[in-house]
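The values are calculated or read from the model by the stated rules, or taken from the named source; none is laboratory data. Every value quoted in this text rests on a predicted model; they were computed, and no experiment measured them. Note: ideal-geometry Cβ built from the backbone for every residue, glycine included; neighbour counts use all protein chains shown. Please note that ligands, DNA and RNA were not included when accessible areas were found on the heavy atoms of the full protein model with its side chains. Shrake-Rupley method; radii C 1.70, N 1.55, O 1.52, S 1.80 Å.
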Amino acid sequence: DDFFFFFIVLGDPVATWQRLDLARIKGSLAIDYKIVCTGTGVDVLGHPLEALAWLANQRAQRGRGLAEGAIVMTGSIVQTHWMERGQQAVVTLDGLGEARGHGL
């Protein structure tokens, strides 16, 4: 997630994401190998694509649209958790994989 417009970690693209029920995707955040929070896709406005539709509609109303290839953060399945410098974070989303990063 990019809640504070500071930093995001992106995983590898998943070509088959459309086969997944994104509202039921389970996710977890582990800090230094300990799971600190979990959630599901329904925690993002009922469905992650609802957030994308809202953004696209808002931009279209202003005559701006979304740029092709833009990265859009739809919201987080897990709650924000502050990290200390050097800690390792692993976000896992069932069916989508994982992304890793370190506290800055």
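For region 24-49, taking the residues that are in contact (Cβ under 8 Å) with a residue 24 or more places away in the chain and in a helix (DSSP H, G or I), the one that is surrounded by the most Cβ atoms within 10 Å (Cβ to Cβ) is identified as 41.
Of all residues in region 8-23, those that are touching a residue at least 40 places away in the same chain (Cβ under 8 Å) and on the phi < 0 side of the Ramachandran plot have Cβ atoms under 8 Å from Cβ atoms of residues that are open to solvent by 60 Å² or more (accessible area, probe 1.4 Å) and of a type in the set (A, V, I, L, M, F, W, C), 6 or more apart or on another chain, in 8/71; 8/73; 10/71. Applying a threshold of 9 Å to beta carbon distances and a minimum spacing of six or more residues, or different chains, the list of pairs starting in region 75-86 at a residue that is part of a loop (DSSP other than H, G, I, E, B) and ending at one that is among the aromatic types (Phe, Trp, Tyr) reads 75/3; 76/3; 80/3; 80/4. Residues that are of a type in the set (A, V, I, L, M, F, W, C) and closer than 17 Å to residue 101 by Cα within region 64-76 comprise just one, 73.
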